[in-house]
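> I have a structure I would like to understand better, so I am pasting it below and will then ask my questions one at a time.
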Amino acid sequence: MNANCPLCTADGGDLIWKNDVLRVILANEPDYPGFCRVIWNAHVSEMTNLAITDRSTLMQTVMKVEQAIIEVMRPDKVNLAALGNMVPHLHWHVIPRYQQDKTFPGSVWSVPVRDPDAQHLASQFAKVPALKQKLIDVLGAQ
């Protein structure tokens, strides 16, 4: 644990599921409904710092989150990212993307190319409770 690391000292969002080694949170990004993070609990900065079995566990969880997002949110695309430039604590972003996104086709961190589509955002946010339940169901079996 690193007392200066925000992912060591807090869940990092709305905690959906957690076990001894990792957790899945809803990032609560106002323009990206269903944006999740899979966070390794121990303060580790790189995938290669993990044992091979731990890497597999982490990536299997990322894939389960991606599949749940695809089934419930029905995005046009899912983005996966593990940057760690701002917070050097191993975590994966799993982001449902839509052509109506304010930054599509760029990344969610890109300069907006259009105004947010309020009707589309509302329809996607309405699916988030079902996504949470799907994640609990799928990850609880791990």
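> Among the strands (runs of 3 or more DSSP E) contained in the range 32-142, which hold 1 or more residues that are more than 23 Å from Thr9 (Cβ to Cβ)?
77-81, 91-97
> Counting just the residues of the range 16-25 that are outside any loop (DSSP other than H, G, I, E, B) and not charged (D, E, K, R), which one comes out surrounded by the most Cβ atoms within 10 Å (Cβ to Cβ)? Before you say what the answer is, go through the steps one by one.
Of the range 16-25, the ones outside any loop (DSSP other than H, G, I, E, B) are 16-18, 22-25.
From what's left, not charged (D, E, K, R): 16-17, 22, 24-25.
Numbers: Ile16: 21, Trp17: 20, Leu22: 22, Val24: 28, Ile25: 22.
Filtering the range 16-25 for residues that are outside any loop (DSSP other than H, G, I, E, B) and not charged (D, E, K, R), the one surrounded by the most Cβ atoms within 10 Å (Cβ to Cβ) comes out as Val24.
> Within the range 1-13, identify whether any single residue is surrounded by 15 or more Cβ atoms within 10 Å (Cβ to Cβ) and in contact with a Leu (Cβ under 7 Å, 6 or more places away or on another chain), and answer yes or no.
The answer is yes, given that some residue of the range 1-13 is surrounded by 15 or more Cβ atoms within 10 Å (Cβ to Cβ) and in contact with a Leu (Cβ under 7 Å, 6 or more places away or on another chain).
Yes/no matrix, rows are residues, columns are (1) touching a residue at least 60 places away in the same chain (Cβ under 8 Å); (2) loosely packed, with under 13 Cβ neighbours inside 10 Å; (3) farther than 28 Å from Asn2 by Cα:
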{"position": "Ala27", "(1), (2), (3)": "yes, no, no"}
{"position": "Phe35", "(1), (2), (3)": "yes, no, no"}
{"position": "Asp54", "(1), (2), (3)": "no, no, no"}
{"position": "Val62", "(1), (2), (3)": "no, no, no"}
{"position": "Met73", "(1), (2), (3)": "no, no, yes"}
{"position": "Gln100", "(1), (2), (3)": "no, no, yes"}
{"position": "Ser110", "(1), (2), (3)": "no, yes, yes"}
{"position": "His120", "(1), (2), (3)": "no, no, yes"}
{"position": "Val128", "(1), (2), (3)": "yes, no, yes"}
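> When you scan the range 36-45, do you find a residue that is among the basic types (Lys, Arg), more than 11 Å from the chain's Cα centre (by Cα) and within 27 Å of Gly106 (Cα to Cα), even just one? Please lay out each step first, then the result.
Residues of the range 36-45 that are among the basic types (Lys, Arg), as a first pass: 37.
Next, from what is left, pick out any that are more than 11 Å from the chain's Cα centre (by Cα): none.
No, the conditions are met nowhere in the range 36-45.
> Which condition number does Lys134 fail, the rest of (1) of a type in the set (D, E, K, R); (2) in contact with a helix residue (DSSP H, G or I) (Cβ under 8 Å, 6 or more places away or on another chain); (3) modelled with pLDDT under 95 being met?
(3)
> Just one of Thr48, Thr57, Thr61 is on the phi < 0 side of the Ramachandran plot, among the hydroxyl-bearing types (Ser, Thr, Tyr) and more than 17 Å from the chain's Cα centre (by Cα); which is it? Step through it out loud before you land on a result.
Values: Thr57 fails: more than 17 Å from the chain's Cα centre (by Cα); Thr61 fails: more than 17 Å from the chain's Cα centre (by Cα).
That would be Thr48, the only listed residue that is on the phi < 0 side of the Ramachandran plot, among the hydroxyl-bearing types (Ser, Thr, Tyr) and more than 17 Å from the chain's Cα centre (by Cα).
> Out of Glu66, Glu46, report the one residue that is surrounded by fewer than 17 Cβ atoms within 10 Å (Cβ to Cβ) and in contact (Cβ under 8 Å) with a residue 24 or more places away in the chain. Break it down into steps so the answer makes sense when it comes.
Details: Glu66 fails: surrounded by fewer than 17 Cβ atoms within 10 Å (Cβ to Cβ).
Going through Glu66, Glu46 in turn, just one is surrounded by fewer than 17 Cβ atoms within 10 Å (Cβ to Cβ) and in contact (Cβ under 8 Å) with a residue 24 or more places away in the chain: Glu46.
The values are calculated or read from the model by the stated rules, or taken from the named source; none is laboratory data. Treat the numbers as computed from the prediction; the structure is a model and nothing was measured. Every residue, glycine among them, receives a Cβ derived from its backbone with ideal geometry; neighbour counts consider all protein chains shown.
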